[in-house]
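Asks: A single structure is presented below for examination.
The numbers here are math on the coordinates, done by the rules we state, and not lab data. Keep in mind the model is a prediction, meaning the values are calculated, not measured. A quick note on method: Cβ atoms are made from the backbone with ideal geometry, for glycine too, and the neighbour counts reach across all protein chains shown.
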Amino acid sequence: MQRHGCVIRLRPEHRETYLRLHAEVWPSVEKTLREANFRNYTIFLHDDLLFGYYEYVGEDYEADLRYIAADPQTQEWWKLTDPCQESVAEPGSGDWWAPMREIWHLADEAGAEEPERP
């Protein structure tokens, strides 16, 4: 399993549209993400920044990204959501959401007991 974090700017004038769209994400878009081996996909909002986190459980990340991009329903979804966003990715990188480097992770400890609480 691979953890991925990414960030993008939310255009303030499209904030309500973006929030409304994500209150009811299309089931077909969610289905495609699951079929492409994405799990625990979460988007957080802080001021005008969107932070995305997901876990990838597949074998071929690039192929699964192409699978998502080829999906007609996802393409329609992006036509609605992309105008709400402003990329902060490195110019020429080909990224829309800027990838973030993981610097720390608290892993679950198998078989660890919960600490006693006072």
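Asks: Does the range 5-20 contain any residue that is among the β-branched types (Val, Ile, Thr), in contact with an Asp or Glu (Cβ under 8 Å, 6 or more places away or on another chain) and within 24 Å of Ile103 (Cβ to Cβ)? Steps first, answer last, please.
Replies: Of all residues in the range 5-20, those among the β-branched types (Val, Ile, Thr) come to 7-8, 17.
Still in the list and also in contact with an Asp or Glu (Cβ under 8 Å, 6 or more places away or on another chain): 8.
From what is left, the residues that are within 24 Å of Ile103 (Cβ to Cβ) are 8.
Yes, because at least one residue in the range 5-20 is among the β-branched types (Val, Ile, Thr), in contact with an Asp or Glu (Cβ under 8 Å, 6 or more places away or on another chain) and within 24 Å of Ile103 (Cβ to Cβ).
Asks: Something else now. Which numbered condition trips up Ile68, out of (1) within 15 Å of the chain's Cα centre (by Cα); (2) in contact (Cβ under 8 Å) with a residue 60 or more places away in the chain?
Replies: Of everything listed in (1) within 15 Å of the chain's Cα centre (by Cα); (2) in contact (Cβ under 8 Å) with a residue 60 or more places away in the chain, Ile68 misses just condition (2).
Asks: Does Ile43 qualify as being in contact with a Ser or Thr (Cβ under 7 Å, 6 or more places away or on another chain), without any contact (Cβ under 8 Å) to a residue 40 or more places away in the chain and β-branched (Val, Ile, Thr)? Outline the logic, then answer.
Replies: Details: in contact with a Ser or Thr (Cβ under 7 Å, 6 or more places away or on another chain): no; without any contact (Cβ under 8 Å) to a residue 40 or more places away in the chain: yes; β-branched (Val, Ile, Thr): yes.
Considered against the rule, which asks whether it is in contact with a Ser or Thr (Cβ under 7 Å, 6 or more places away or on another chain), without any contact (Cβ under 8 Å) to a residue 40 or more places away in the chain and β-branched (Val, Ile, Thr), Ile43 comes out as no.
Asks: Please go through the range 85-109 and pick out each residue that is of a type in the set (S, T, N, Q), surrounded by 12 or more Cβ atoms within 10 Å (Cβ to Cβ) and farther than 19 Å from Glu24 by Cα. Write out each step before concluding.
Replies: Residues of the range 85-109 of a type in the set (S, T, N, Q): 85, 87, 93.
Those left that are additionally surrounded by 12 or more Cβ atoms within 10 Å (Cβ to Cβ): 85, 87.
Selection gives Ser87 alone.
Asks: A further question follows. Taking Val57 as the residue in question, decide whether it is touching a residue at least 60 places away in the same chain (Cβ under 8 Å) and under 15 Å from the mean Cα position of the chain (by Cα). Before the answer, list the steps.
Replies: Values: touching a residue at least 60 places away in the same chain (Cβ under 8 Å): no; under 15 Å from the mean Cα position of the chain (by Cα): yes.
Here the answer is no, as Val57 does not meet what is asked.
Asks: Select from the range 15-66 the residues that are among the hydroxyl-bearing types (Ser, Thr, Tyr) and closer than 17 Å to Gly5 by Cα and list them in ascending order. If you could, list the steps in order and put the result at the bottom.
Replies: Just the residues of the range 15-66 that are among the hydroxyl-bearing types (Ser, Thr, Tyr), to begin with: 17-18, 28, 32, 41-42, 53-54, 56, 61.
Tyr41, Thr42, Tyr53, Tyr54, Tyr56, Tyr61, listed by residue number.
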